[in-house]
Amino acid sequence: MEAASVTASSLIRVAALSGSLRKSSYNRGLIRSAIEISNTSINGLQIEYVDISPLPLLNTDLEGEGSFPPAIEAFRQKILEADCILFASPEYNYSMSAPLKNAVDWASRPPNVWADKAAAIVSAGGGFGGGRSQYHLRQVGVFLDLHFINKPEFFLNAFQPPAKFDSDGNLIDEQAKERLKEVILSLQALSLKLCRKQ
């Protein structure tokens, strides 16, 4: 596998992962909105949703001699080919979800395909809007050599009026969409900066 390589004038490819597997989840809705924003109002950026639901639970017995099961291999290739990562991380019991942690761990198996990529986290939920999950994911990212944007942060209380999402989990709040766009632009800028250093 060959790592992604871009120049400042190239298209920045973003792999977007949701820690919630539910089709109408608010966090998947954030990714759908990010894709729409990138397609309509941001040049030089392409976001692809990467589904983590097919991944088996981490079990190193499934690893062959330098190989992985097909679903894992395909997932790892998607991460490797991306220039940066967008995580939508719901908060489960003050931390990230089990499916997201499982995906993170599979892609960290040698060789670690997260290394040296820019990343951003967005989240929606009750209370703090998923903020605690973001801080745990940032801690994990230190060991993985991920480079998270520091600002802006994006936590969205999905249950505070006015309504932020429709019944299908699509983001409808215009102010939240503007905040999400700022996150994407910051991710694009950091990715370009890191690419120039390579």
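Here are some notes:
- As a ratio to 2.2 N^0.38 Å, the alpha-carbon radius of gyration for the chain is 0.98.
- Summed residue charge, Cβ within 13 Å of Pro162's Cβ, Lys/Arg positive, Asp/Glu negative: -2
- Against the criterion of solvent-accessible heavy-atom surface with a 1.4 angstrom probe, Ser108, Ser123 sort, most first, into Ser108, Ser123.
- Placed amide H near Ala158: partners under 5 Å, 5+ positions off or other chain: Gly125, Gly126
- Scanning residues 5 or more positions from Leu45 or on other chains, those with amide H under 5 Å from its amide H are Ile12, with H placed 1.01 Å from N in the peptide plane.
- For the stretch 157-165, backbone phi angles converted through the Karplus equation (6.51, -1.76, 1.60; θ = phi - 60°) give residue-by-residue couplings of 6, 6, 10, 8, x, x, 4, 9, 10 Hz, Gly and Pro being listed as x.
- Given charges at beta-carbon only (K, R positive; D, E negative), |dipole| of the chain in Debye: 440 debye
- Phi-derived couplings, Karplus 6.51 cos²θ - 1.76 cosθ + 1.60 at θ = phi - 60°, listed residue by residue for the stretch 75-84: 5, 4, 5, 4, 5, 4, 6, 6, 8, 7 Hz, with x used for Gly and Pro.
- For the stretch 156-192, backbone nitrogen atoms closer than 15 Å to the point 7 Å from Ser24 Cα along Cα-to-C-beta are found at 164-172.
- Taking amide H positions as modeled 1.01 Å from N, with prolines and chain starts lacking one, the residues under 5 Å from Tyr92 and 5 or more places away or on another chain are Ser97.
- Ranking Phe159, Phe75 from most to least accessible surface, computed with a 1.4 Å probe over the protein chains only, gives Phe159, Phe75.
- Projecting label points 7 angstrom from Cα along Cα→Cβ for Ser167 and Val140 puts them 3.4 nm apart.
- The separation of the stretch 134-154 from the stretch 45-89, counted between C-alpha centres, amounts to 19 Å.
- In order along the stretch 91-96, the Karplus-derived 3J(HN,Hα) couplings, from 6.51 cos²θ - 1.76 cosθ + 1.60 at θ = phi - 60°, round to 9, 10, 6, 6, 8, 6 Hz, and Gly and Pro are given as x.
- The stretch 103-198 shape via C-alpha gyration tensor axes, a/c threshold 1.5: prolate
The values are calculated or read from the model by the stated rules, or taken from the named source; none is laboratory data. Treat the numbers as computed from the prediction; the structure is a model and nothing was measured. When we count neighbours, we look across all protein chains shown, and the Cβ atoms used for this are built from the backbone with ideal geometry, even at glycine. Surface accessibility is based on the protein's heavy atoms, side chains included, excluding ligands, DNA and RNA. Shrake-Rupley method; radii C 1.70, N 1.55, O 1.52, S 1.80 Å.
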